[in-house]
Amino acid sequence: MAEGPLVHHYANRLRRVLKGKQVRVEFGIRKLKQFEISLEGLHVQDVEAHGKQFRIHLSDDRVLLVHLMMWGSWRIYRNEDAWDKPRERARLILCTRTHEVVAFSTPIVQLLSKADLETDARWGNLGPDPLRSDFSIKEFFRLLEEQRTREIGEVLLDQRVISGIGNILRVEILFQSRVHPRRLVGTLSQDEKHEILRWIFTLTKTWMKNMGKKIDWISIYRKTGRPCPRCGTPIGFSRQAGRITYACPKCQCLSTNP
Ligand SMILES: [Zn+2]
């Protein structure tokens with residue numbers, strides 16, 4: 001699953017090739033084929049990442065939305081390059097005079113007007129994204145406050161509260177903040193909430209900065225039974241929000257009043 005830093009990294013690469021360019025759009029999804037003619041002659045105004053979504057803004061005020069989910073990937077080919085993946089897996093192809101930009105295997109490609117995207121219940125309802133300049137701390141705390149009866153490990157994965165956080169980030173953010181994923185949001189102190197936000201910024205930016213390098217910033221993700229790097233207690237795991245979460249049972253605080 002592509003988490004926010006990876007999505008931003010790829011959106012930056014796509015932007016360099018597509019922004020300002022006239023594109024020919026081909027869909028590998030049958031129900032979208034009929035729209036190809038209506039997209040002829042359009043330019044790409046911009047490519048942006050919001051949480052885990054790619055949003056490719058077209059010059060007629062429509063947006064191509066792509067979500068890679070678990071299996072999708074992007075490739076950028078020069079026109080003369082041979083593709084390294086089968087053509088039948090291409091779901092979206094954007095051709096410029098020099099490049100072919102292809103989304104492979106992704107189940108989610110949508111073509112929406114900007115206005116429809118803003119009000120779309122599934123795709124338009126995103127919480128603030130820590131890698132975007134429009135992140136609002138006030139808005140994040142307001143949305144968090146509405147989740148008082150839910151567990152923080154579940155809430156961090158809820159894209160309506162904060163966007164771009166996936167399983168690796170939620171595990172590492174809570175470990176560094178010394179907060180157990182099972183804590184209810186309503187039991188968190190102000191200091192703990194600010195500590196969580198601090199680590200949201202730190203870890204999303206660390207991942208982004210070290211993309212493709214072999215710098216290991218992961219402390220406990222997928223390290224069940226290995227000693228906690230802080231206190232040596234074996235790392236535990238449990239299932240939460242449909243995913244496996246990891247925590248140190250000793251130094252990640254489970255009690256209401258630490
Ligand atoms: Zn520990």
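The values are calculated or read from the model by the stated rules, or taken from the named source; none is laboratory data. As the structure is a computational prediction, the values presented were derived from the model and not from experiment. Neighbour counts run over all protein chains shown; Cβ positions are idealised from the backbone, glycine included.
It is to be established whether one or more residues within the stretch 183-200 are surrounded by 14 or more Cβ atoms within 10 Å (Cβ to Cβ) and polar (S, T, N, Q). For the stretch 183-200, residues surrounded by 14 or more Cβ atoms within 10 Å (Cβ to Cβ) and polar (S, T, N, Q): present.
Would you point out which residue out of ASP61, ASP46, ASP81 is acidic (Asp, Glu) and over 18 Å from ARG16 (Cβ atoms)?
On the way: ASP46 fails: over 18 Å from ARG16 (Cβ atoms); ASP81 fails: over 18 Å from ARG16 (Cβ atoms).
Testing whether each residue is acidic (Asp, Glu) and over 18 Å from ARG16 (Cβ atoms) leaves just ASP61.
When we screen ARG226, ARG148 for residues that are touching a helix residue (DSSP H, G or I) at 6+ places or on another chain (Cβ under 7 Å) and modelled with pLDDT of 95 or more, the only hit is ARG148. Those strands (runs of 3 or more DSSP E) of the stretch 62-128 in which at least 1 residues are more than 22 Å from the chain's Cα centre (by Cα) and more than 25 Å from SER163 (Cβ to Cβ), considering only elements entirely within it, cover 73-78, 90-95, 99-104.
Taken over the stretch 196-226, the criterion of being within 15 Å of the ligand (Cβ to nearest atom), in contact with a Gly (Cβ under 9 Å, 6 or more places away or on another chain) and under 22 Å from ILE152 (Cα atoms) is satisfied by THR224 alone. The number of residues in the stretch 169-179 that are surrounded by fewer than 22 Cβ atoms within 10 Å (Cβ to Cβ) and either modelled with pLDDT under 95 or over 21 Å from the mean Cα position of the chain (by Cα) (or both) comes to 1. Scanning the stretch 166-196 for residues that are over 17 Å from GLN252 (Cβ atoms) and outside any helix (DSSP H, G or I) yields a single hit, GLY166. Within the stretch 227-258, can you find the residues that are without any contact (Cβ under 8 Å) to a residue 24 or more places away in the chain, within 12 Å of the ligand (Cβ to nearest atom) and not in a loop (DSSP other than H, G, I, E, B)? Within the stretch 227-258, PRO227, PRO234, GLY236 qualify.
This table checks each residue for (1) surrounded by fewer than 16 Cβ atoms within 10 Å (Cβ to Cβ); (2) at positive phi; (3) of a type in the set (Gly, Ala, Ser).
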| residue | (1), (2), (3) |
| --- | --- |
| ALA82 | yes, no, yes |
| VAL101 | no, no, no |
| PHE104 | no, no, no |
| ARG122 | yes, no, no |
